[in-house]
Structure formats: C-alpha cells, structure tokens
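K.L.:
Sharing a structure, written as structure tokens. Questions coming.
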Amino acid sequence: MSLSTSIHDIKTLVLSYHPVIVMETVEEDRVFSLLQSTALELRMPFFQWSITTGLVRVPGKSIMYGTGEPTSLLSTLHQMDTQAIFLLKDFARFATDHTVARQLREVSQRFAKNRSTLVLSGATIRLSPEIEHNVVHFHLKLPEREELRKVFNTVLHSLVSANRIEVLLDPREREELVTALSGMTLNQARQTIAFAALKDGKLSVGAIREILERKAQVIRESGLLEYFPVEDNRFQLGGFARLKSWLVRARTGFSREARELNLPAPRGILIVGVQGCGKSLAAKVIAREWKLPLVKLDAGRLFDKYIGESEKNFRKAISLAESMAPVVLWIDEIEKAMATGGGEADGGVGRRMFGSFLTWLQEKKHEVFVVATANDLSILPPELLRKGRFDEIFFVDLPNADERGAILTIHLKLRKQDPSQFDFHRLVEATEGFSGAEIEQVVIAALYRGLHLKQPLDTELLVKEISETVPLSISRREDMQKLREMSRGRFVSVN
Ligand SMILES: Nc1ncnc2c1ncn2[C@@H]1O[C@H](COP(=O)(O)OP(=O)(O)OP(=O)(O)O)[C@@H](O)[C@H]1O
Ligand SMILES: [Mg+2]
C-alpha cells in the first residue's frame, strides 16, 4: 500500500463515521504524518495528545491546558464542537480504568454523530470488548519502496555532505540495497544505513549482505517462520518432470523484462498428494532452483490462546516473509492452518485466517512465491482449489518406474554408494507402489543391515529390505485411492 492509498483509506474511514481508529504500530512518526496529510486533505483540524504534553493543536502547537489526565482529556473532547482528527498516543493503556473506559465510549458515541475521529496509536493495544465493539483497526503497512528510497537518499546525502563516508555502489547496487531494506520501519532503515556506512566509513556491496543476514536473524527470533538460506539448500528431487519445466517457465515471470511489461509475478502453487512422495521436498527444491531464500510457515506456531493473536501472528509472519522478498514462502500442510470444516470449534480462527490469506494472495505486491502443500483435500476449503487462486495446482502420485530409478540414484549417492553397482531393473520393479520416502527408508535400513553384517551394500540386501516393507499404498490403500480419485483430472500431474 503506498502512502497515497493509506491516506485514501483513512479518509474513507473518517468520512464514513468511524469514531475510533486503532493503529497498532511502533511507527508513531508515520502515523503522525499520515494523519496530518489526511487532515490537510479533508481540511479538518488535527490535534495530538500524549500524557506528557496533553492535547496540542497541530500546527501551531497551541496547547490546551489541563488535558494531560485521561479523564480531563475525554471531558474536554466530549464538550468540543469542532469536527477534527485526534491522535492519542499510547492512550489505550488508560482505558483499563472503568471511568476512562466509560468516558471513551461516550466520546465515541458523540464522535460517531459529529464525524470526528479519535486515533489510538501504540505498540500493542488491548481493549475491553465494549470498546473493541466501537473501533476499527487500521493496519499500517510497512514502508513502500519509494519511502525507503527517500530515506536512503536522505541519509546518504547527509553523511556524504558531512564528508563522513564514501559511497562505493553503482546505481544497480543502490537499488539492491533499497530492496534489502524492505520489511523495515523507516527508523530501522535509517539506523541500518547509517550503521553500515559509518562502521568503516564506506558503503559497499558488503552492506547488502549484512542487511539480509540481519533480517534473517529477525526472522529466526520471531519464532513464526523457519529460514533456509540459499547457500545451505542442497535438496534433490527425483522425477517431477512437469513441475520442473513449469518452474523454468515461471522463473521468467520474475525477470526485469516481465516487470517492465507490467506483468504480475507468479503468485504460487499448491501441491497436493500422496504421503511421502516429495511434496515438502519440492518446496525446498523450488527455492534452490530459483536461487531464492526459503521461509517456512508452520501453522502450529501461529495459534495462540488469546483471541485475535493468531491472526496477528499470521499477519506478522506474512510481513516478515515480505521483508525477505524475493523469497519462496512455504506453507506446509496448509489444511492444518486453514481448516474451516471445524465450524466454530476453534472460534472461527481457521476461517478468518483463511480469509486473510486469500486476500493477501490475491493482492500481494511483493515477490513472495507461495508453495503450499496439502495431504488432506477433504478438509481444505473448496475456495482454495478454485482456478485463479494459485497459478497451478499439482497432484503428486506414487512415483512411476523412471522416477523410482531417479529417487534410488539420489539416495544411494547421498550415502556414498555407486548406483552402477546395482541391478536397477530389479530394484525398480520390486519398489512398485513405494513412495519416495519409503525408497529412502529402504536404502537406509539396508545400509544399516550391511554394516551390522559387515558386508557392503548390494542389490540382495536392498531387495530383502524391500520385501519386508509394507508400503502405505497397501496398508492405506483406500485413503490413497480416494485422494487419487479426487485429484485425477482436476489437477496437473507433477510428472
Ligand atoms: N521424488 C523424490 N526424490 C527424492 N527424494 C524423495 C522424493 N520423494 C520423497 N523423497 C524422500 O522422502 C522424504 C520425505 O518426502 P517429503 O517429506 O517431501 O514427502 P511429503 O510428500 O511432503 O510427505 P508428507 O505428506 O508425509 O508430508 C524426503 O525428504 C526425501 O528424502
Ligand atoms: Mg510434507
């Protein structure tokens, strides 16, 4: 959301009789300038309040004495006839007091009639249900590229003109650095640039890497997402020929040429299918092929016992992911986060989260490519499977003969075995109906057995292990059959 869209949205809220707007953010400065611009455009007076200054009219700074105390502030507001916007900084914490809470309700009822608006800002805001009922939440999006570029230029300008630093970045690298700042508040961006530049008196490409590393650290500390750096990604996927060629084509969607033609970047894919057949692995491999970092969203980590906190966590996770863009966002077992079949059993959290997810997926501007995986189609909301949500929905079945060969090769090589020493014809035939995970398990178990018997791994050992394994395709034949029937013809096969 650019600055002008934010102003537009707040204007709409003010004009449509919303007496109390809540903005939960640490960026007080941005809230202030946003409201100032809004008031200017609406030709409405603008006031701000804090416990230390009381109510002050902006501009001009004329102080309204005796308004420092929350109760006296609210009585003053109740009596004022001016139609205006009031920014109350860190006010919500006083609303736990019964008198303040009651007064706040009365002021909001009055404001709803005379079209004045109170804006409550603060880092975390918890309101009692009676007040919550009368407020609307406005989510201040993180600064856009233009805002960050402006800050970048201002900081550089002041440091360079003071002869404090030397800038060793060409125009393309400058843009990369601005990209790296995404996800930061303006203040964080300012500090980050200044710190990187002042540390050794120059700003060079090294700074870009450092910034990315710092952001990765923030992601790790958030506890909401798991981060896989590009360098560590060595995952290999056997088979999946059609998915792989789709990825090669989709990659061009991220190119500068595509951007210049105003083409939207690819949004994401959903991979559904049989257990242990490489869905999760595919997500990792996509990031590797595209040389992008990978962040994994774990549904379980989002849920919180407090009402509203789960969705807050979800929004936070999404903006953290956006801060790493371009990035692959992997949502494993999406049905667990977005299950809507349970009705109100979970207080509707799944449904609301699902709603926010769909909106975000539809509107997202950042280059965040979503790879969602799902095992259980029956609890996935059908809206998610509709055309146009994801760029494509892929179905993964048990590997065919060629794929089993490829998977065997990967797992033998990973464990220092030479594939040419084995009878692949036999092995591929014997593993019919096995998933990739089961094939991997066979290789591992046979190697253990070989170690125990003090003999090198050979085809016989593998075949023995295979014959002792009952694959899920047999033990859970019916479930698998059902999944296949639901998916065949509807989704694109990965191979
Ligand atoms: N096509 C494949 N190529 C190479 N290895 C594979 C393949 N399929 C599965 N494997 C092996 O099996 C392991 C498990 O696969 P993965 O976790 O990706 O399956 P999944 O489809 O996500 O299963 P689940 O439904 O249980 O989450 C992988 O880590 C990998 O070692
Ligand atoms: Mg998985």
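The values are calculated or read from the model by the stated rules, or taken from the named source; none is laboratory data. Keep in mind that what you see is a predicted model, and the values were worked out from it rather than measured. As a convention, Cβ positions derive from the backbone with ideal geometry for all residues, glycine included, and neighbour counts pool all protein chains shown. Accessible surface is based on the protein model in full, side chains and every heavy atom, while ligands, DNA and RNA are left aside. Shrake-Rupley method; radii C 1.70, N 1.55, O 1.52, S 1.80 Å.
K.L.:
Quick check: from the Cα gyration tensor, does segment 3-137 come out rounded (a/c under 1.5), prolate or oblate? The partial results should precede the final answer.
P.N.:
Numbers: a/c = 1.32, a/b = 1.18, b/c = 1.12.
Rounded shape, in that the Cα axes give a/c under 1.5.
K.L.:
Would you mind classifying segment 214-270 by shape? Square roots of the alpha carbon gyration tensor eigenvalues, ordered a ≥ b ≥ c; an a/c under 1.5 is rounded, otherwise it is prolate if a/b is larger than b/c and oblate if not.
P.N.:
Numbers: a/c = 2.44, a/b = 1.32, b/c = 1.86.
It comes out oblate by the Cα gyration axes.
K.L.:
About the Cα centre of segment 373-445, what is the dipole size in debye to 20, counting +1 per Lys and Arg Cβ and -1 per Asp and Glu Cβ, all else neutral?
P.N.:
220
K.L.:
Can you tell which of Ile211, Ser222, Leu247 lies farthest toward the positive end of the dipole of segment 191-289, using +1 and -1 charges on the Cβ of basic and acidic side chains (Lys, Arg; Asp, Glu)?
P.N.:
Among Ile211, Ser222, Leu247, the one farthest towards the positive end of the dipole of segment 191-289 is Leu247.
K.L.:
Then there's this: Taking chymotrypsin sites (Phe, Trp or Tyr not before Pro) as exposed when DSSP calls them loop (any state but H, G, I, E, B) and at most 14 other Cβ atoms lie within 10 Å, what is the longest stretch of the chain free of them, the sites themselves excluded? Numbers along the way, then the final one.
P.N.:
On the way: sites that count: Tyr17, Tyr65, Tyr306.
With chymotrypsin sites (Phe, Trp or Tyr not before Pro) excluded where exposed in loops, the chain gives 66-305 as its longest stretch.
K.L.:
May I pose another question? On a 1.4 Å probe surface of the protein chains, which of Thr409, Thr373 comes out largest in accessible area, and what is the full order?
P.N.:
Greatest to least solvent exposure: Thr409, Thr373.
K.L.:
So, one more: Hey, got the dipole for the chain? About the Cα centre, +1 on K and R Cβ, -1 on D and E Cβ, debye to the nearest 20?
P.N.:
880
K.L.:
Between segment 297-328 and segment 191-264, what is the separation of their alpha carbon centroids in Å?
P.N.:
Value for the Cα centre distance between the two parts: 19 Å.
K.L.:
Label Lys413 and Lys202 with points 7 Å out from Cα along Cα→Cβ: what is the distance between them in nm?
P.N.:
Reported label-point gap for Lys413 and Lys202 is 4.1 nm.
K.L.:
Tell me, what % of the accessible area of segment 145-221 is carbon and sulfur with a 1.4 angstrom probe?
P.N.:
52
K.L.:
If you take the charge dipole of the chain about its Cα centre, with +1 on Lys and Arg Cβ and -1 on Asp and Glu Cβ, which of Gly308, Val26, Ile407 is farthest toward its positive end?
P.N.:
Among Gly308, Val26, Ile407, the one farthest towards the positive end of the dipole of the chain is Val26.
K.L.:
Next question, about the same structure. Residues of the chain: accessible area per residue at 1.4 Å, in Å²?
P.N.:
51
K.L.:
To the nearest 500 deg cm²/dmol, what mean residue ellipticity at 222 nm is calculated for the chain from DSSP H runs of n ≥ 4 alone, each contributing -39,500 (n - 2.57), summed and divided by the residues?
P.N.:
-15500 deg cm²/dmol
K.L.:
In whole angstrom, how far apart do the alpha carbon centroids of segment 66-114 and segment 381-439 sit?
P.N.:
Computed from Cα coordinates, the inter-centre distance equals 64 Å.
K.L.:
What's the Cα-based Rg to Rh of segment 401-475, Rh via Kirkwood?
P.N.:
0.93
K.L.:
So for the chain, Kirkwood radius off the Cα pairs, Stokes-Einstein at 37 °C and 0.692 mPa s: how many µm² s⁻¹?
P.N.:
124
K.L.:
Calculate what fraction, in whole %, of the accessible area of segment 3-137 sits on carbon and sulfur atoms when a 1.4 Å probe is rolled over the protein chains. Please report the intermediate quantities before stating the final value.
P.N.:
Details: 3630 of 6760 Å².
Exposed carbon and sulfur together represent 54 percent of the surface.
K.L.:
Can you give the angle from 0 to 90° between the axis of helix 206-222 and the longest principal axis of the chain, with both taken from C-alpha atoms, to the nearest 10?
P.N.:
Approximately 90 degrees, to the nearest 10.
K.L.:
Okay, next question. Give me the one-decimal nm value for the distance between modelled label points at Asp81 and Arg315, 7 Å along each residue's Cα-to-Cβ direction.
P.N.:
Once both label points are built, they end up 3.8 nm from each other.
K.L.:
While we're here: Over segment 342-495, what percent of the accessible surface lies on carbon and sulfur atoms, probe 1.4 Å? Before the final figure, lay out the partial values.
P.N.:
Values: 4360 of 8240 Å².
Taking all protein chains in place, segment 342-495 shows 53 percent carbon and sulfur surface.
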